[in-house]
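Before any comments, here is the structure.
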Amino acid sequence: MAKVNIVRPGEGEILGSGAQRIRILENGFFTDHPVVSAIWGPIIGPVVAILSFVCSIGNVPLAAVLWNGGISFGGVVAFIFADLLILPILNIYRKYYGTRMTLVILGTFYASMVVAGYLVELLFGVTGLIPQGRTAKVMAEGITWNYTTWLNIVFLVIAAVLVVRFVRTGGWSMLKMMGGSPEEEHTHHHEG
């Protein structure tokens with residue numbers, strides 16, 4: 001598998017996909033300055049997450065790309081936490097809570113992510129747990145038989161057993177007796 005770099009000497013590269021692309025400029029993660037990188041990473045990590053529309057499923061592979069590109073370890077952690085602040089979710093917060101409360105949520109979550117990134121950077125740095133190499137794999141090359149394959153098979157069998165038990169013990173009739181949605185039951189009682 002090829003190593004994925006975001007920051008290459010002399011050129012920028014595109015991060016994200018579709019309309020949500022972010023231009024990462026040369027030395028954007030300050031890879032030549034470890035202290036500046038450790039300070040900047042947790043600040044920029046959540047911003048990259050917000051602008052790249054990455055959700056819980058896509059943030060780990062993109063975090064690997066960011067790590068390979070030079071963002072600090074704390075920046076990667078802050079980026080992973082920031083899936084609660086993507087623009088569509090912020091819009092839901094705005095519709096539900098209003099603009100002012102959304103800005104409070106945004107500020108609180110962002111500050112929490114930055115602080116968590118700094119703490120992880122500090123604690124992992126002091127204990128020597130930050131990986132030295134930047135060769136994180138972004139994607140596996142194909143289907144393999146490993147422990148997750150076997151766990152998937154085991155839990156598919158367990159799910160099948162539970163479905164069979166549900167059907168044999170009268171589960172379908174119980175579901176039919178439950179009726180429709182609560183609104184339908186509510187209007188039904190007022191009619192009589």
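Within the stretch 88-112, residues that are closer than 18 Å to residue 43 by Cβ and assigned by TED's automatic domain parsing to the domain that holds residue 53 reach partners that are in a helix (DSSP H, G or I) and aromatic (Phe, Trp, Tyr) with beta carbons closer than 9 Å, at six or more positions or on different chains, in the pairs 106/93; 109/81; 112/81. The set of residues in the stretch 27-53 that are surrounded by 22 or more Cβ atoms within 10 Å (Cβ to Cβ) and of a type in the set (Phe, Trp, Tyr) contains only 29.
The values are calculated or read from the model by the stated rules, or taken from the named source; none is laboratory data. Because the structure is a prediction, the values reported are computed rather than measured. Positions of Cβ are backbone-derived with ideal geometry, glycine not excepted, and every protein chain shown enters the neighbour counts.
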